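One structure is given below, encoded as structure tokens.
The values are calculated or read from the model by the stated rules, or taken from the named source; none is laboratory data. Remember, it's a predicted structure, so these values are computed and weren't measured experimentally. Positions of Cβ are backbone-derived with ideal geometry, glycine not excepted, and every protein chain shown enters the neighbour counts. For the accessible areas, the whole protein counts, side chains as well, though only heavy atoms, and no ligand, DNA or RNA atoms are used. Shrake-Rupley method; radii C 1.70, N 1.55, O 1.52, S 1.80 Å.
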Amino acid sequence: MTVPVIYFILVFQFPPTIPWCKVPHIDKIKHQFCIDNVTSNCEEFVKNLTIPKHRKNVGCGSVLTYDQCHRYDISYETMSYVTRGSIQSYFNNTKTVECDIGWEYDESYSTVTSEFDLVCGRSYLNTLVLTVNMTGMLVVSEHVGPTKRAMVGLIYPIFFSIGYMLLAVYAYFIREWWKLQLATIAPSLVFLSYWWIIPESPRWLISKGRIEEAKKIIQLSARVNNITIPKNALDGLREQKKYETNDQTKHRAIDLLKFPNMRKKTLILFYFWCICGLVYFGISFGTSNLGGNPYLNVFIAAAVEIPAYGVSFVMMENGRIGRRWSAFCSMGFCGVSNIALSFVPACGHMVWIRTTLTMLGKFCITTSFAIIIIFSAEIFPTALRTTGVGMCSVFTRVGGIIAPQLMVLGDVWKPLPAVACGITSIVASVLVLFLPETKGENLPETFEQAEQFGKKAKAAHDVSPHERYRELTKNEEMELETVLINDPTSPLKESLSKL
């Protein structure tokens, strides 16, 4: 639950702000023109005197807003002789200057933006921090069977969403950014205990030759689940390791891109994860721009994720839909909602429509994320499963790095971020249809199994002798190896050498 806090705490530490310039001797100016602060709305009156206004496009028209980066070039000395009746003519002849002594902010809460004046010429640092910040799930897949992977795999993201909702609660009650930082990071110290609590993946231990450790973990899992393991069921692990370890040592991460079928699947997954990161973090970082209460907006955006995980589970486990079509539908609807969002102005009675489309997009991208995590772990072979999903996760961060910068492009053309997210999401939804369905299938153990997984069956006369040998079952290969070890003079040796 602490991971989403670390991700999204920046929403409250670097929120959109409306600053205005500090003015020299502002208290004396108030005293002169507000008649000892008796005048009603004194603060607003003096602000109108000292800060210029300009028109700003808000999507369905323009409004007058205070300039955030300039003030009138005035001081108490230059205004001491000005009377209330001559104020208007005085300001009509007064030039403006950039904010030279700092800014004023809403004092109801403290942010990093206000603490370090990350506005105007330094405003780019807000999105830069989000980008830098974006520069475990997998282990679960190694401990469960095909029928339970989807359910167990969704437990983690549900707690992710709970932590996301708790962040809004923390931020509501802790208004100083550095105290909020400490309060949210301190629980992470508990993770140090995980070294002794969480068992290692049995599949990984077997692939590393640590058979006895794998047996202990399997036996422990059986006791916890009240399952009796047949007496000789674990005796074949050493032979299995002998078959699989060679696959581990002779293949590296680059091999995911070396062979055609695995390369196609890997590149599609990389792109899908990248777009998931782009859209998910883009929407999450932008919740504070929806208007209304930012704490409530973040809470709702987090709460929307929980039913999304439930929908993703139902879709993946449906025999007629499965993993592939679930990913297609969820990402496709996400793209449509984002494109529709680009046509809705951000003002007036249309605000609730924008908010609805935004939350629909968040629902769909969360569903896509939940599905692709399970889907990817089922596509990569055991020997490179950690590496493969880890590389996919890197591309999620790439999408997260791009997201803040894409939001900035909204200053050039307001619908651009939504249009870009919509088009890329639809492309990802189409590409995922080129992946094989994995529902109910056994995880590929070796690289050869992963390379063959999803290929169309060939006619017998089109299969070469080498391919026929590779398509032998694992037990048949082990039997042949045993024959050769026991009888090196066997005629099979010469036949196999030709294959």
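For this structure, a couple of remarks:
- Spin-label model, Asn232/Lys258: points 7 Å from Cα along the beta carbon direction are separated by 3.7 nm.
- Spin-label model distance (nm) - Glu437 vs Lys455, 7 Å beyond Cα toward Cβ: 2.2
- With the simple model of a label 7 Å out from the Cα in the direction of the Cβ, Phe116 to Arg397 spans 2.0 nm.
- Local net charge near Trp273, Cβ-Cβ under 13 Å (Lys/Arg +1, Asp/Glu -1): +2
- Under 13 Å, Cβ to Cβ, from Leu257 - net charge with Lys/Arg +1 and Asp/Glu -1: +3
- Of the three principal axes defined by the Cα atoms of the range 360-419, the extents in descending order read 46, 22, 12 Å.
- With all protein chains in place and ligands, DNA and RNA left out, the 1.4 Å accessible area ranks Lys439, Lys28 as Lys28, Lys439, largest first.
- Using only the C-alpha atoms, the convex hull of the range 336-443 corresponds to 98 Å³ per residue.
- Taking amide H as placed 1.01 Å from N in the peptide plane, Trp20 has its amide H under 5 Å from the amide H of Glu104, each at least 5 places away in sequence or on another chain.
- Per-atom-type breakdown for the range 355-456 gives carbon and sulfur 70% of the accessible area (1.4 Å probe, protein chains only).
- Summing charges over all other residues whose Cβ lies under 15 Å from the Cβ of Ala340, with Lys and Arg as +1 and Asp and Glu as -1, gives +3.
- Estimated from the Cβ-Cβ distance and a Förster radius of 35 angstrom, the FRET efficiency linking Val419 and Leu192 is about 0.20.
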